[in-house]
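Reading through the structure tokens given below for one structure.
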Amino acid sequence: MTLQLDHTPALAAVSDGTWYPICRLEDLELCWGEAALIHGRQVALFRVDSATVFAVSHRDPVSGSQVMARGIVGSRGQRFTITSPLHKEVYYLDSGDPAAGPGTALRSFPTRVTDGMVEVLV
């Protein structure tokens, strides 16, 4: 049996079209970030419920530091957010858009879970 869940951000980033297997879904703790190096890119992964994982750039768009996996997971309305650990900017995990309105976005990547394996399109 193949369980396949897709999460494709509203504004998907340009990719090379390859889904990269990263880890087992069960290896990710709820609402805790993990960093991964995927095809030369540092990506922060966040599991927010029993089957949903978001992937965003590990690079803070304001400071340029690789810290987003250490951010604080939260929500605004029905959307999950990540707050930068450095300057406390808040971004939507599904799109990378700043929650405060226009500004520098955090790059997001499509994710899916196939047979219990988290995959990211970069």
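The values are calculated or read from the model by the stated rules, or taken from the named source; none is laboratory data. Since we're looking at a predicted model, the values are computed, not measured. When we count neighbours, we look across all protein chains shown, and the Cβ atoms used for this are built from the backbone with ideal geometry, even at glycine. The accessibility values were calculated without ligands, DNA or RNA, using every heavy atom of the protein model including side chains. Shrake-Rupley method; radii C 1.70, N 1.55, O 1.52, S 1.80 Å.
Applying the criterion of being in contact with a Gly (Cβ under 7 Å, 6 or more places away or on another chain) and not hydroxyl-bearing (Ser, Thr, Tyr) to the residues of region 74-111, the residue that is nearest to LEU37 (Cα to Cα) is ARG107. If only residues of region 93-106 that are touching a Pro at 6+ places or on another chain (Cβ under 8 Å) and not polar (S, T, N, Q) are counted, the one that is nearest to SER65 (Cα to Cα) is LEU106. Summed over region 65-122, the residues that are closer than 13 Å to LEU45 by Cβ and among the acidic types (Asp, Glu) give a count of 1.
Looking at this structure, is LEU25 within 12 Å of GLU119 (Cα to Cα) and either small (Gly, Ala, Ser) or modelled with pLDDT of 95 or more (or both)? Judged against the criteria, LEU25 is a match. Of all the criteria given as (1) open to solvent by less than 50 Å² (accessible area, probe 1.4 Å); (2) modelled with pLDDT of 95 or more, the one not satisfied by PHE80 is (1). Restricting attention to region 37-94 and to residues that are in contact with a strand residue (DSSP E or B) (Cβ under 8 Å, 6 or more places away or on another chain) and without any contact (Cβ under 8 Å) to a residue 12 or more places away in the chain, the residue that is farthest from ALA105 (Cα to Cα) turns out to be LEU37. Annotation: of all residues in region 53-63 being open to solvent by 30 Å² or more (accessible area, probe 1.4 Å) and not β-branched (Val, Ile, Thr), the one that is nearest to VAL113 (Cα to Cα) is ARG59.
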